[in-house]
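The values are calculated or read from the model by the stated rules, or taken from the named source; none is laboratory data. Here the structure is a predicted model, which means the values were calculated and not measured. No Cβ is skipped: glycine too gets one built from the backbone with ideal geometry, and neighbour counts run over all protein chains shown.
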Amino acid sequence: MFYDRAKVFVKGGDGGNGAVAFRREKYVPLGGPSGGDGGSGGSVIFIADEGLRTLVDFRYQRHYKADRGEHGQGKGMHGRGAEDLIIRIPVGTVIKDAETGEFIFDMVENGQQVVVAAGGRGGRGNARFATAANKAPRVSEKGEPGEERWVSLELKLLADVGLVGFPNAGKSTLISRVSAAKPKIADYPFTTLVPNLGVVSLADGESFVIADIPGLIEGAHQGAGLGHEFLRHIERTRVIIHVVDTAGSEGRDPVEDYVTINKELAAYNPVLAKRPQVVAANKMDVPEAEENLKSLKQHIGDETDLFAISAVTGDGLEPLMFKVAELLKTVGPAEPIVTEDEKVTRVVPAERFTVTKEDGVFDIKGKEIERHYAMTDFNNEDAVKRFLRILKVMGVDDELRQQGAQNGDTIRIGNLEFDFVD
Ligand SMILES: Nc1nc2c(ncn2[C@@H]2O[C@H](COP(=O)(O)OP(=O)(O)OP(=O)(O)O)[C@@H](O)[C@H]2O)c(=O)[nH]1
Ligand SMILES: [Mg+2]
């Protein structure tokens, strides 16, 4: 199988900070808390797009960051949330965490969305912390940092376009001119033994995958010259480029060749006869080709597009490729495999935190806790108390006790160290 791969960095926007503020009104000496919440940061979202065929775009841009949320303000004003950053990726792409190799998502259906880096929640303003006991709280939260990670993208390349024709027609030479594929090329038949794939990138930013398939011969539909195997590959492609040796090398007749190959396609599977086909009349740099081109054109008529090309000199290849790109748009995508009705999926790690003991210090790690840590203003006593309460609710205290923590033992979270108090 052939794969296209890319690795990109994604980061959700940080949440805006919550504000600490109090109402100031005439005749009201001690106004209530009025600090607004911070806005949430934008998420980085991948959306599956059946119009995209390869991952070439990700070779040029590798960093994707969503905007941060605005900070909360006084007078109860909340910060505005940031927009999500939407990135289109081809249907069929498998997304994994690049560092851990953890599977994140398989884009199987057009329009499917997955959050690959969630934006941070906005911090709450002090207005949210008022209680009967404390009517003037001075605590607010900082914004939650957005998630960030490197993700790897992997796309199983399905050939959009198949090159078919007799051995020696110039299929391998053609793919080597329009893509980075480097197949073996030689002037004897059956040079190509297995299909080669190449990615064609057009100047307007479009790209598609082309397959150089070994030459077919008469009787291929019955298995002659491994015909079955090669025809099976062609079956999966959506557009066919029929390469004809217009020079009539070794006494061949281009019209006869053209007819024979089409007969083989139809005999193998009638669907193949209806597949959009473009004829590439190759080897036009050879003088004899001119005469043959006329009879080929006459035979084909106006129904089928014909391009006179030379795979060796490169003449005529550009219009041929643009025509193919245009045809691909009309034929629709490969059959989608639907496994889920859910369109947006959020992947949550199983473990919430870990506690490890080293040199008498209990080290607490975990994204969720590190997040709360980042959102806490440690110069503010109330905020610290709140943070400790969160640890308790999450079960960190219990885990510490389980691992034998006692009064006075050192606990570490990030660069914060404090004593355990049972
Ligand atoms: N003059 C000329 N020769 C060409 C052209 N394209 C291909 N050839 C030659 O034709 C021969 C066969 O080319 P390939 O590209 O290997 O042909 P193929 O269709 O891949 O052949 P198989 O792999 O056997 O099916 C080589 O010697 C090429 O150099 C062309 O446009 N002009
Ligand atoms: Mg070849």
Q: Within segment 391-415, count every residue that is modelled with pLDDT of 85 or more, β-branched (V, I, T) and under 17 Å from E370 (Cβ atoms).
A: 3
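Taking the conditions exactly as written (of a type outside the set (F, W, Y), within 16 Å of ligand 2 (Cβ to nearest atom) and assigned to a helix (DSSP H, G or I)), does E250 satisfy them or not? Walk me through how you get there before you give the answer.
Details: of a type outside the set (F, W, Y): yes; within 16 Å of ligand 2 (Cβ to nearest atom): yes; assigned to a helix (DSSP H, G or I): yes.
Yes: the conditions hold for E250.
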Q) Got a sec? Which strands (runs of 3 or more DSSP E) wholly within segment 115-216 have at least 3 residues that are of a type in the set (F, W, Y) and over 31 Å from the mean Cα position of the chain (by Cα)? A) none
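Within segment 264-274, can you find the residues that are of a type outside the set (D, E) and either free of Cβ contacts under 8 Å to residues at least 40 places away in the same chain or within 16 Å of I213 (Cα to Cα) (or both)?
The first filter runs over segment 264-274 and keeps only residues of a type outside the set (D, E), leaving 265-274.
L265, A266, Y268, N269, P270, V271, L272, A273, K274 - these are the residues of segment 264-274 that are of a type outside the set (D, E) and either free of Cβ contacts under 8 Å to residues at least 40 places away in the same chain or within 16 Å of I213 (Cα to Cα) (or both).
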Q | Those residues of segment 279-295 which are of a type outside the set (S, T, N, Q) and under 11 Å from A308 (Cα atoms), in sequence order | A | V279, A280, A281, K283, M284, D285, A289, E290, L293, K294
Q. Under the condition of being buried (at least 17 other Cβ atoms within 10 Å of the Cβ) and free of Cβ contacts under 8 Å to residues at least 40 places away in the same chain, which residue from segment 298-315 is nearest to E256 (Cα to Cα)?
A. L306
Q.
Quick check on segment 197-209. Is at least one of its residues more than 26 Å from D49 (Cβ to Cβ) and within 16 Å of ligand 1 (Cβ to nearest atom)?
A. no
**Q.** Within segment 175-194, considering residues that are out of contact with any helix residue (DSSP H, G or I) (no Cβ under 6 Å at 6 or more places or on another chain) and closer than 20 Å to H228 by Cβ, the one nearest to ligand 2 (Cβ to nearest atom)
**A.** T191
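Can you tell me which residues in segment 229-247 are of a type outside the set (F, W, Y) and either outside the structural domain of E290 (by TED's automatic domain parsing) or assigned to a helix (DSSP H, G or I) (or both)? Give the steps one after another, and end with the answer.
Residues of segment 229-247 that are of a type outside the set (F, W, Y), as a first pass: 229, 231-247.
Selection gives E229, L231, R232, H233, I234, E235.
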